[in-house]
Amino acid sequence: MNMDIEEIQAIFKFSALEKHMISSFGIPEDLFLPFLLSLKSGGSWSYASEETKSMAVKDVITYYDEESKTGYTLEKIYFFIEPEVIAEEGVIRRLEKCGTKEERELVERPYIITLHAKNIIFAEVNPDLRKITIRELKKKHIKLKGTPAYSAAHEMEHLEKGEIGGIPLWTFEYIKGQ
């Protein structure tokens, strides 16, 4: 890896701004790990210590202009401190892969999940503007639907049980269509 001095300085500047942003919320730095992983590696993440837990849930919306044939995918990151499930609605069967397992597994997730948290921090990552806007929401409850609900249920399962339990893909059968 070959980095020039300007790139190294830019990384240090970004890291300093990131550290300042994290400290501005008055939340222990280690709890921000899921948020940082979601931002830097993508996906949804969770973290638990003996004292507390946190999770980041990612959602995306793509904006596309038919005339210019250009667009961008806005990332929304919901970051929860001490998340709890308040309500779940519906059952969606889906295949998921968890980082610790080789293959995807069949799991059941709620279509809608309502979460309560001590703090809910919301970030929008706009690749078109190259801006990360982050703020703490006043509300302590949030309802997620579809993909972010599945992700939240997956991460809550990690926080509550450690491992994700599902039915292995190899229990499926192949059917050749006509």
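The values are calculated or read from the model by the stated rules, or taken from the named source; none is laboratory data. Note that the coordinates shown come from a computational prediction; the quantities given were computed from them, not determined experimentally. When we count neighbours, we look across all protein chains shown, and the Cβ atoms used for this are built from the backbone with ideal geometry, even at glycine.
The condition of being surrounded by fewer than 14 Cβ atoms within 10 Å (Cβ to Cβ), assigned to a helix (DSSP H, G or I) and among the β-branched types (Val, Ile, Thr) holds for only one of Ile61, Ile11, Ile22, that being Ile11.
Conditions tested, residue by residue: (1) crowded, with 17+ Cβ neighbours inside 10 Å; (2) basic (Lys, Arg); (3) part of a strand (DSSP E or B); (4) modelled with pLDDT under 90.
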{"residue": "Thr114", "(1), (2), (3), (4)": "yes, no, yes, no"}
{"residue": "His158", "(1), (2), (3), (4)": "yes, no, no, yes"}
{"residue": "Ile175", "(1), (2), (3), (4)": "no, no, no, no"}
{"residue": "Gln178", "(1), (2), (3), (4)": "no, no, no, yes"}
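Close contacts from segment 149-169, counting a first residue that is farther than 17 Å from Gly43 by Cβ and a second that is assigned to a loop (DSSP other than H, G, I, E, B), with Cβ to Cβ under 7 Å and a gap of 6+ residues or different chains, come to Pro168/Glu103; Leu169/Glu103; Leu169/Arg104. Scanning segment 67-85 for residues that are in a strand (DSSP E or B) and surrounded by 14 or more Cβ atoms within 10 Å (Cβ to Cβ) yields Tyr72, Leu74, Glu75, Lys76, Ile77, Tyr78, Phe79, Phe80, Ile81, Glu84, Val85.
I'm checking my understanding of the structure. Among residues of segment 30-47 that are out of contact with any Ser or Thr (no Cβ under 8 Å at 6 or more places or on another chain) and exposed (fewer than 14 other Cβ atoms within 10 Å of the Cβ), which one is nearest to Ile113 (Cα to Cα)? Out of the qualifying residues, it is Gly42. For Leu95, the stated conditions hold: it is surrounded by fewer than 17 Cβ atoms within 10 Å (Cβ to Cβ) and either aliphatic (A, V, I, L, M) or in a strand (DSSP E or B) (or both). Output yes when any residue across segment 54-61 is small (Gly, Ala, Ser) and under 25 Å from Tyr150 (Cα atoms), and no when none is. Yes.
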